[in-house]
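Worksheet for the structure shown next.
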Amino acid sequence: MRYVSTRGQAPVLNFEEAMLTGLARDGGLYLPETIPAFSGIEQLDGLSYEEVAYRVIRPFTGDSFSEDELRGAINRAYARIAHVARAPLTQLAPGHHLLELFHGPTLAFKDFAMQLIAQLFEIALKRSGQKITIVGATSGDTGSAAIEAFKGIDNVDVFIMYPHGRVSEVQRRQMTTPAAENVHALAVSGHFDDCQARLKDLFNDHAFRDQVGLAGVNSINWARIVAQIVYYFTAAASLGAPAREIDFTVPTGNFGDIFAGSIARAMGLPIRRLVVATNQNDILHRALTTGEYRTGTVEPSISPSMDIQVSSNFERALYLAYGGEASAISQLMDELKAGGFTISQGALQTLQDQYVSGRVGEDDTLAMIRTVRDETGEILCPHSAVGVAVARQHIEPGVPMVTLATAHPAKFPDAVERAIGVRPDLPPHMADLFDLPERVTRVENDAEAIKSLILERRTQ
Ligand SMILES: *Cc1c(COP(=O)(O)O)cnc(C)c1O
């Protein structure tokens, strides 16, 4: 399988190379040249999550990993998810299901991808003898998942930039308490979008990039998307696919999770609708309804992992909607630097055929946490509540709706307490989180300052 950049000017890579590289050298994102068709959906129901993962991921990895290597990585990764089904489905109402993606070590869906790619990185680096520096930007959950997954992994340093004061205390502690020397939490003065922009600066400095062996594990990394395709298959198969169509609603920020759903559909999974759910930072909802992709200022919300104005994976969806015309994407991304762009009529139509969207404000999010608790006893995190609120606007009789529950409520206790007056408990295996010492470095929102810090601190 060959991987090409959305901007058309970077080398064509195999899976392992695309995984180790992250962002393409031309600033674009890697995508497979063709999306493999999946056969055998009818055989998936009742298989273990690990077995489904192997079957879904295998076509993307090509020659990069042997069967034993890939199966071993999958088994080690998902053994750390504290539920035997890994991604269990629960029912909220007739026809409405919740896909619980929060049983991993950092209590958010990002563990599904990060645990797996840490295992794959370890195999690849051991083989090549290469040493790398992973730098990531996070609105909270990616960073904790990355630090947890890569702590103690050989030949890797991990630096995670998060917006100072804008992540929850649980998120922060998950990043600052792991004691392994190869993981480093950086608190940047600014918003998540600033962290993401600095990350792009680092990647676009080719000399620095080569000097430290820079690698990225943000949701721009194709290997993460691949891991997230799996749970669409397990959920749909257990609800009757391929004989039945299924709708999915996905609380969306950087468009990685829902884009994985669109790849599942392109592989042949009968997904009828993919519903994009946004909070008050609704650039995606506006873009999909009006065709105008214009950045505004981030309004901090109670669902901070979705507080995003530049949604990096949307570039992949645009690339597909523009029929793989890389020059058009390069031009749009240049216009974005100046504030935004207008999606062409044809591409907008294609996007609207594939995605519907909705937006939920703060009060309605809190109200939905209350409603679901009253109706079912289930306590949602605020991101999942945004998803459930939008899903309820799109449920149609006869088509099961699955809403992705992207984090555990205990990760966002302040919002949950505001909604229902109760602080959800951390699961027992994390009970000491508030007792451990924290380790963090403050840094200005400045690429040069961040580069020198990395050069000084890396252990490899
Ligand atoms: C990252 C995250 C999201 C958004 O996912 P994207 O792939 O960026 O769209 C939603 N909810 C939670 C809890 C997250 O951590």
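Here are a few things to note about the model shown:
- At a probe radius of 1.4 angstrom, the accessible area of the chain per residue rounds to 35 square angstrom.
- Principal axis dimensions, largest first and in whole angstrom, of the stretch 301-385 by Cα: 51, 27, 16
- Computed accessible area, Glu292, all protein chains, 1.4 angstrom probe, square angstrom: 60
- Computed with a 1.4 Å probe over protein heavy atoms only, the accessible area of Asp194 comes to about 40 Å².
- Convex hull of Cα atoms in the stretch 75-137, direction-averaged projection (nm²): 5.8
- The chain - percent of accessible surface contributed by carbon and sulfur, probe 1.4 Å: 47
- Cα-based shape type of the stretch 183-266, given that a ≥ b ≥ c are square roots of the gyration tensor eigenvalues and the cut on a/c is 1.5: prolate
- Cα pair distances exceeding 13 angstrom across the stretch 1-62, given as percent: 63
- Virtual spin-label span in nm between Glu325 and Glu444, 7 Å along Cα→Cβ: 4.3
- Taking every DSSP helix (H) stretch of at least 4 residues in the chain, weighting each as -39,500 (n - 2.57) and dividing the sum by the residue count yields a mean residue ellipticity at 222 nm of -13000 deg cm²/dmol.
- The C-alpha radius of gyration of the stretch 3-109, expressed as a fraction of 2.2 N^0.38 Å, stands at 1.30.
- Cα shape, the chain, gyration tensor, a/c 1.5 rule: rounded
- Candidate residues Lys131, Lys151, Lys110: accessible-area rank, largest first, probe 1.4 Å: Lys131, Lys151, Lys110
- Taking only the Cα atoms of the stretch 236-341, the ratio Rg/Rh comes out at 1.01, with Rh defined as the Kirkwood radius.
- These residues, Lys200, Lys126, go from largest to smallest accessible area, 1.4 Å probe, as Lys126, Lys200.
- Amide hydrogen neighbours beyond the local backbone of Ile134, cut-off 5 Å, H modeled: Asp157, Val158, Phe159, Ala215
- Semi-axis lengths, largest first, of the ellipsoid equivalent to the stretch 84-195 are 27, 20, 11 Å, with √(5λ) applied to each eigenvalue of the Cα gyration tensor.
- Whole-number Å³ per residue for the convex hull built on Cα positions in the stretch 367-460: 214
- For the stretch 134-188: Kirkwood Rh in Å [reciprocal of mean 1/r, alpha carbons]: 10.7
- Accessible-area ranking of His383, His103, His164, largest first, probe 1.4 Å: His164, His103, His383
The values are calculated or read from the model by the stated rules, or taken from the named source; none is laboratory data. None of these values were measured; they are calculated from a predicted model. Glycine gets a Cβ as well: all are built from the backbone with ideal geometry, and neighbour counts include every protein chain shown. We work out accessible area using only protein heavy atoms, side chains counted, and drop any ligands, DNA or RNA first. Shrake-Rupley method; radii C 1.70, N 1.55, O 1.52, S 1.80 Å.
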